[in-house]
Structures are given as C-alpha cells and as structure tokens.
Number of protein chains: 2
Amino acid sequence: MPMTSATSHSDEPTRVAKLVGAFLSGQSGAVLGDGPHATLTAGADSTDDCAIYDLDGPVTLVVGSDYVRGAKFALYEQGLLTNFDIGYYVVAANLSDIAAMGAAPIGVLTVVRYPHDLDDDGFLDIMAGIHRACTDSGTLNVGGDIGNAERIVLSGSAIGICRTGTALTRRGARPGDHLCVTGPCGILGAAVAYFPKRHANGWTLPEHLEQDLLAGWRRPRARVAEGRLLCTGGYATACQDTSDGLKATIEQLAAASGVGFDVAEDDIAIHPAVSAVAKLIGSDDITLAMSASADFQLAFTVPADRLDACRDAFARSGLTFDVIGRATPPETGVAFTGRDGTRHALPGVAWKHQASDVSGLVAGVTAATTATP
Amino acid sequence: MPMTSATSHSDEPTRVAKLVGAFLSGQSGAVLGDGPHATLTAGADSTDDCAIYDLDGPVTLVVGSDYVRGAKFALYEQGLLTNFDIGYYVVAANLSDIAAMGAAPIGVLTVVRYPHDLDDDGFLDIMAGIHRACTDSGTLNVGGDIGNAERIVLSGSAIGICRTGTALTRRGARPGDHLCVTGPCGILGAAVAYFPKRHANGWTLPEHLEQDLLAGWRRPRARVAEGRLLCTGGYATACQDTSDGLKATIEQLAAASGVGFDVAEDDIAIHPAVSAVAKLIGSDDITLAMSASADFQLAFTVPADRLDACRDAFARSGLTFDVIGRATPPETGVAFTGRDGTRHALPGVAWKHQASDVSGLVAGVTAATTATP
C-alpha cells in the first residue's frame with residue numbers, strides 16, 4: 001500500500017500526522033474485551049500522549065510509552081549523566097505522560113537493553129535509578145524486558161488510573177481560560193545547547209548554574225502531584241506536559257482544543273541558567289526558554305472562575321504555577337506579545353525527532369535566533 | 001550499592017534472578033492509586049511475564065512489555081522477513097505474554113524507532129504490519145513512540161483485562177495435573193539454525209518446509225483464543241507461553257509451581273521442518289524441538305478431572321492441544337523419558353539473551369547435540 005514514492009523521507013511529525021493516521025482513525029469509542037469491557041476513549045487517533053480506557057467499574061486506565069535515546073543521549077556519552085541518571089530519567093519521562101492526564105501511577109514497565117561491555121555495576125546502577133524514580137513518585141517498576149543489544153536502549157510504559165471520566169486531555173480548553181505552567185521551561189534544552197560545545201567554544205558558567213542545568217536531567221520530576229490536583233479538583237480543562245518544549249506544547253493545546261492563545265513574554269519565567277546559555281549561544285532567552293526541552297512541566301488551562309480555587313489547592317500542597325496567557329477564539333491563532341509590545345508568532349524551535357541530535361538542536365536554536373531579531 | 005566486583009559480567013538470567021531481585025522483592029500486594037485503587041497481585045517480583053492488578057470493580061488488568069531485536073534480527077537482515085513482518089512480530093510477541101495470562105487484549109503500545117535511511121514506504125510497512133497483527137487479534141494499536149534511532153528498534157507493551165481474580169499464572173500446577181501444549185515447538189528456532197548457514201553449508205530443503213520455517217516468523221499467532229478459553233473456563237492451573245523454548249517453559253512452570261514433571265518424548269509432536277533441520281545441523285529432532293524458539297504456543301496444566309471438558313471446549317472453537325506429560329511431586333524434578341525408554345534431563349538449550357545472536361544459538365544447539373548422544 002505505497003502512499004508515497006519509494007524514496008520519500010518525511011520528517012517524523014509528518015510521518016506521525018499523515019502516514020500513520022490512516023491506520024489509526026476511528027479507534028476511539030471501540031469497546032474491547034470479551035469478558036469485562038474496556039471502552040477506548042482516547043487512542044492513537046487522538047492527539048494525546050496516552051491511551052485512555054474506561055473500564056467496567058469506577059476506573060479509567062491511562063497508558064503510554066516513551067523511549068529514551070540510549071547512547072545518543074549526548075550528556076550521558078560525555079559522562080555528565082550516570083547510568084543511575086538515565087534509569088531515573090526513563091521512568092520520569094514515562095510518568096510525565098500519565099501525570100499530564102491527571103492519573104495516579106500504578107506501575108512502570110521498563111525495557112533495559114545493554115551492550116556486552118556494560119558490567120554488572122553499570123547495569124545495577126540503571127536498575128537502581130529506575131527503582132528510585134518509581135519510589136520517588138510512589139509507584140513500582142512491575143516488569144518489562146531485560147537483555148542485551150548493540151548499545152543501551154531504554155524504553156518504558158507507564159500505567160495510571162483515575163476515577164471514570166476524569167482523565168485530562170488536550171482537548172477541553174475554551175476561550176477565556178487561563179493558560180498556566182507549573183514552572184520554568186527550557187532548562188534541559190539549554191543544557192544540551194551548552195555542555196557539548198563548552199570546551200570547543202571556551203564557555204564557562206558559574207558552578208551553580210551548571211548544576212541547575214544538569215539537575216533536570218539527573219532528577220527530573222514528573223508532575224504527578226500537580227496532575228492529580230488538577231484532575232481530582234476538576235480545575236483543568238486541558239493539560240499536556242512540556243516534553244516537546246513550551247512553544248510546541250502551546251501550539252498542540254491550541255490545535256487539539258480548537259482555540260487560540262494570547263501569551264505575554266512578561267509572564268514567562270526565565271531561569272537564570274537559560275538566560276546565561278542564551279547569551280553564550282547568541283540567542284535570546286525567551287527563544288531558548290520556549291524551544292525543545294524535556295522539562296516535564298505541565299501546561300494546562302483553567303476557567304477564569306476556578307483560577308483562585310486552583311491556586312489555593314496547589315498552595316495547600318506546597319505547589320505553585322504561573323499564568324502565562326489566555327485562551328482566545330480560534331481565529332486569532334496563537335499570538336505572542338513581546339516585552340517591547342510587538343505581537344508575533346511564538347518564538348522557539350519545537351522538538352522534531354529527525355533533527356534531534358545535539359548538533360541539530362543547537363543549529364536549530366541558532367537558526368531560530370537568527371530569524372527572531 | 002555495588003553488589004559485585006567492578007568488572008563482573010553476569011549473564012542475563014543471572015542479572016534478572018540475582019541482581020534485579022533486590023529491587024523488586026515484596027512488591028505484590030501493594031495497593032496503589034490515591035483515587036480508585038489498584039492492587040498489584042503479581043509484579044516483577046513474581047516469575048510471571050506480566051504484571052497483574054486487581055482494580056476497583058470487576059476488572060483484573062494484565063500488562064507486559066517485550067522488545068524485538070531490530071537490525072540484529074538475523075532473518076530480517078537477510079531479507080527473509082520484511083518490514084511488515086517485523087511489525088507484525090512485535091505485536092504478536094507482546095500479545096503472547098497476555099494470552100498466557102488468559103487476558104483479553106484491549107490494546108498494544110508500540111515503540112518504532114528507525115534509522116534515517118528507512119524511507120516512508122519502509123516505515124509504513126512496519127506500521128501496516130503492526131496494524132494487521134492487532135486487527136488479527138481483535139485489538140488496537142493505541143499509541144506509543146515513533147522517532148529515529150541508529151537502527152530499527154521495535155518494542156511494545158500489551159494491555160489486557162479479565163474478570164477479577166481469573167488471570168492465569170505459572171504458579172498453580174499441582175501433582176497429577178496434565179501438562180499440555182497448544183502445538184509443535186522449535187520451528188522458529190529451527191529457522192534461525194537453518195537460513196543463515198544454508199548457503200555456506202550447501203543445505204537445501206524442499207520449498208514447503210522452508211515456508212513452514214518462515215511462517216511462524218512472518219505471521220506468528222499469539223494464542224489469545226486458547227488463553228481466553230483456559231481462563232474463562234477455569235481449566236488451567238498454570239500457564240506460560242513457549243517464547244523461551246519448550247524446555248525452558250517446562251522448567252519455569254516447575255519452579256514457579258513447586259512441582260516436577262514427567263515428560264515423554266513419544267508425546268511431543270515434532271514438526272517435519274524441525275526434523276529436517278535437525279538432520280542438517282547434526283542434532284536430534286527432540287533437542288531442536290525443545291530448544292530456544294519463540295513459537296508463542298501456550299504450555300499449561302489441567303487437573304485430570306477437567307481434561308475432557310477442556311478438550312471439548314477447545315474443540316468447539318476449532319482448537320486443539322497435546323498432552324505431553326504429567327506434574328509430579330517436586331522431589332522427582334523434571335524427568336524425561338526418551339523413545340528408547342531411558343530417563344534423563346530435558347533435552348534442548350534454553351534461551352539466554354547473552355547468547356542469543358544467531359551464531360550463539362546455532363553453537364548452543366550444536367553443543368547440546370554433542371552432549372546428547
């Protein structure tokens with residue numbers, strides 16, 4: 001069933017959007033299971049990261065999978081991340097997907113494949129990182145697949161549950177809703193832009209900023225607690241994690257919900273480490289803050305009359321969020337108001353798998369900088 | 001937390017059994033979820049392939065993950081399997097794990113990572129194979145992860161449900177139970193022993209036998225229907241798929257259930273293609289039939305007074321199985337009676353990931369042959 005010419009090489013977003021779509025349309029609503037039933041309410045035909053099933057009984061099931069680039073994981077190859085760190089990361093990346101749906105995690109399945117030269121200590125460190133990340137989020141590593149491969153391959157699936165019908169999707173934002181984010185973005189992307197080139201370019205940053213850049217890679221925190229609050233309190237109309245970067249997240253929320261957004265540069269928190277790296281690479285800080293970066297924050301929308309209650313609920317758990325914009329009617333699109341008052345498209349470079357190696361990312365950031373004076 | 005010396009390289013079964021165990025003990029019974037509850041009744045601390053959760057309501061959830069060796073997949077590299085075939089295979093491999101628990105599949109998550117030189121047609125063929133395998137088993141591909149990598153990486157997770165408390169495990173066989181298997185084993189292993197070396201050795205087999213050897217790789221069938229019958233009818237006391245080979249499966253059922261088995265060579269069906277390959281590689285047919293081979297049959301135990309009812313239930317669905325032995329008290333261990341009446345250990349070479357490349361497997365089979373006159 002050739003849908004393209006024999007030598008066509010679409011980029012990954014195109015493959016997902018156009019080529020895969022033919023196989024996935026019409027899934028949602030399917031009732032499965034010849035004993036008890038499961039109704040698929042969001043599958044791969046939707047725009048969400050996870051599949052959602054309503055099961056017989058009071059439970060909605062949320063499941064998703066994420067793969068971590070093993071040895072191509074640039075900071076790992078450079079010795080800035082340990083085996084423990086990448087084990088921790090694969091769990092956080094997977095938990096982040098179900099956190100964005102507001103589900104409580106009940107387990108993580110992990111695939112750990114390693115080359116022959118990884119000794120037992122290295123292997124144990126990966127497993128210890130996986131175990132610790134599960135423990136830190138109150139969940140369990142319940143199995144998966146272990147074995148050898150040419151190089152390290154880490155992949156996982158996370159399983160979560162919530163009360164029937166309460167799972168958050170990207171689809172419910174309405175004009176007038178506040179657009180919120182649980183913390184600053186762009187830090188992990190800034191680390192990738194900085195570390196691989198710092199020696200060649202003679203870049204140096206203060207020790208504490210270097211530590212800030214690495215902290216999100218070493219101990220990423222899936223926003224499970226925040227997702228649970230948004231779900232159980234019924235505050236959020238739409239939610240997504242920022243693992244593709246803030247720009248991509250906002251655009252995807254807009255497309256899935258059929259709204260526009262008005263976002264103000266003044267309202268977006270910029271981490272000092274992001275500002276410092278932006279200066280080094282010749283970018284501006286807002287561009288780097290909104291570009292591809294797997295910070296695992298949650299971006300979500302809250303109706304205006306629920307904002308205070310939501311903020312109070314977060315505060316009672318010692319959590320916070322920033323309001324960075326407002327949903328608008330779809331015809332106004334996604335608009336950005338700079339510090340100087342000018343309005344233009346969202347700055348930043350969204351995550352694209354085909355350009356996702358380090359040089360591609362840095363090149364992309366630099367190109368975007370050039371295009372955004 | 002170094003548990004071994006810095007240069008220790010345990011093989012994969014040892015890593016799973018000894019090194020990982022410390023992280024996984026005491027999982028089962030854990031109650032998870034701060035809204036509705038899920039009780040983990042079998043996790044990575046058990047000997048089963050999947051995790052099992054009893055959820056609030058009438059549903060037991062079964063989830064497992066399996067990785068497929070991408071480019072090292074020898075038959076694929078030799079052009080004997082297509083992109084469609086390996087897409088089909090990754091789904092069947094994952095469904096087989098939940099079929100062994102008797103669950104009805106409700107979805108499959110797939111990780112599809114591909115090198116830059118895989119064109120759109122090749123990518124689409126993988127996705128079409130995934131889609132077809134899901135359709136053939138009455139389930140859906142509900143998402144996962146798509147992107148690039150140095151070489152093809154295929155991994156998946158399968159999700160299934162059954163009525164609370166009915167999931168099959170490896171743990172319930174009792175002395176006196178009949179040991180059964182849904183069909184002949186060793187065919188996929190024989191294909192791996194034959195094809196890569198046929199030109200170098202000048203081997204030829206009749207076309208229909210070559211097709212039989214490849215059929216199980218090209219269109220493997222997870223025994224979902226058989227698993228559902230065993231589960232809903234309450235026939236099986238223990239069940240496992242044969243994806244590690246029949247020898248390993250029987251030994252693992254024995255260990256998990258705390259029984260021995262008495263297995264008779266006369267009762268084990270040998271596929272003609274297995275006999276033919278055994279002759280070529282200088283092995284005997286029973287050794288090859290019981291060695292590492294991902295045939296995705298189910299091996300299960302049935303109490304003596306339920307055997308006829310089980311056989312009738314299978315027959316009504318157009319399905320069959322063979323009785324190949326009997327469970328015994330644990331002190332007798334796993335015993336094998338050859339065609340000549342001699343009793344010895346089970347023949348065959350079990351799957352070990354560290355020795356799982358083709359040359360390792362063929363070497364293993366040959367070594368076992370040498371040791372089994």
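Go through segment B:111-214 and tell me which strands (runs of 3 or more DSSP E), entirely inside it, have 3 or more residues that are within 14 Å of chain A (Cβ to nearest Cβ) and buried (at least 24 other Cβ atoms within 10 Å of the Cβ).
Details: elements: B:141-148, B:153-163, B:178-181.
By residue number, B:141-148, B:153-163.
Can you pull out every residue in segment A:49-64 that is over 14 Å from A:ALA30 (Cα atoms) and buried (at least 24 other Cβ atoms within 10 Å of the Cβ)?
Selection gives A:ASP49, A:CYS50, A:VAL59, A:THR60, A:LEU61, A:VAL62, A:VAL63, A:GLY64.
Going by what's in this entry, would A:PHE84 be described as of a type in the set (Phe, Trp, Tyr), in contact with an Asp or Glu (Cβ under 7 Å, 6 or more places away or on another chain) and not assigned by TED's automatic domain parsing to the domain that holds A:LEU298? Break it down stepwise before answering.
On the way: of a type in the set (Phe, Trp, Tyr): yes; in contact with an Asp or Glu (Cβ under 7 Å, 6 or more places away or on another chain): yes; not assigned by TED's automatic domain parsing to the domain that holds A:LEU298: yes.
In short, yes.
Determine which single condition A:VAL181 fails, assuming it passes every other condition in (1) touching a residue at least 12 places away in the same chain (Cβ under 8 Å); (2) farther than 26 Å from A:ARG306 by Cα.
Unmet condition: (2).
It is to be established whether one or more residues within segment A:76-90 are of a type outside the set (D, E, K, R) and closer than 30 Å to A:GLY234 by Cβ. Let's see the steps before the verdict.
First pass over segment A:76-90, keeping only residues of a type outside the set (D, E, K, R): A:76, A:78-84, A:86-90.
Then drop every residue that is not closer than 30 Å to A:GLY234 by Cβ, which leaves none.
No, segment A:76-90 contains no residue that is of a type outside the set (D, E, K, R) and closer than 30 Å to A:GLY234 by Cβ.
Quick check on this structure: which one of B:GLY29, B:GLY79 is part of a loop (DSSP other than H, G, I, E, B), more than 7 Å from every other protein chain (Cβ to nearest Cβ) and without any contact (Cβ under 8 Å) to a residue 12 or more places away in the chain? Outline the logic, then answer.
Details: B:GLY29 fails: without any contact (Cβ under 8 Å) to a residue 12 or more places away in the chain.
Result: B:GLY79 is the single residue among B:GLY29, B:GLY79 that is part of a loop (DSSP other than H, G, I, E, B), more than 7 Å from every other protein chain (Cβ to nearest Cβ) and without any contact (Cβ under 8 Å) to a residue 12 or more places away in the chain.
Tell me the residue from A:VAL323, A:VAL334 that is within 17 Å of A:GLY172 (Cα to Cα) and touching a strand residue (DSSP E or B) at 6+ places or on another chain (Cβ under 6 Å), please.
A:VAL334
Kindly establish whether B:ALA44 is more than 7 Å from chain A (Cβ to nearest Cβ) and at pLDDT below 90. So that I can check it myself, show each step before the final result.
Details: more than 7 Å from chain A (Cβ to nearest Cβ): no; at pLDDT below 90: yes.
Criteria not met by B:ALA44.
From the list A:ASP34, A:ASP56, which one is closer than 28 Å to A:ALA167 by Cα, among the acidic types (Asp, Glu) and modelled with pLDDT under 75? Full working, then the answer.
Values: A:ASP56 fails: modelled with pLDDT under 75.
That would be A:ASP34, the only listed residue that is closer than 28 Å to A:ALA167 by Cα, among the acidic types (Asp, Glu) and modelled with pLDDT under 75.
Search segment A:5-26 for residues being at the interface with chain B (Cβ under 9 Å from one of its Cβ atoms) and part of a loop (DSSP other than H, G, I, E, B), and hand back the single one that is modelled with the lowest pLDDT.
Within segment A:5-26, the match that is modelled with the lowest pLDDT is A:SER5.
Answer yes or no: is there a residue in segment A:65-74 that is acidic (Asp, Glu), crowded, with 18+ Cβ neighbours inside 10 Å and at the interface with another protein chain (Cβ under 7 Å from one of its Cβ atoms).
So the first thing to find is which residues in segment A:65-74 are acidic (Asp, Glu), and the list is A:66.
With the extra rule that they be crowded, with 18+ Cβ neighbours inside 10 Å, the set shrinks to A:66.
Of the ones still in play, those that are also at the interface with another protein chain (Cβ under 7 Å from one of its Cβ atoms) are A:66.
So far as segment A:65-74 goes, yes, one or more of its residues are acidic (Asp, Glu), crowded, with 18+ Cβ neighbours inside 10 Å and at the interface with another protein chain (Cβ under 7 Å from one of its Cβ atoms).
Going by what's in this entry, would B:GLY102 be described as modelled with pLDDT under 90, surrounded by 24 or more Cβ atoms within 10 Å (Cβ to Cβ), assigned to a loop (DSSP other than H, G, I, E, B) and at the interface with chain A (Cβ under 10 Å from one of its Cβ atoms)?
Details: modelled with pLDDT under 90: no; surrounded by 24 or more Cβ atoms within 10 Å (Cβ to Cβ): yes; assigned to a loop (DSSP other than H, G, I, E, B): yes; at the interface with chain A (Cβ under 10 Å from one of its Cβ atoms): yes.
Considered against the rule, which asks whether it is modelled with pLDDT under 90, surrounded by 24 or more Cβ atoms within 10 Å (Cβ to Cβ), assigned to a loop (DSSP other than H, G, I, E, B) and at the interface with chain A (Cβ under 10 Å from one of its Cβ atoms), B:GLY102 comes out as no.
The values are calculated or read from the model by the stated rules, or taken from the named source; none is laboratory data. Predicted model, so just to flag it, every value in this text is computed and none were measured. Quick reminder, even Gly has a Cβ in these numbers, built from the backbone with ideal geometry, and neighbours come from all protein chains shown.
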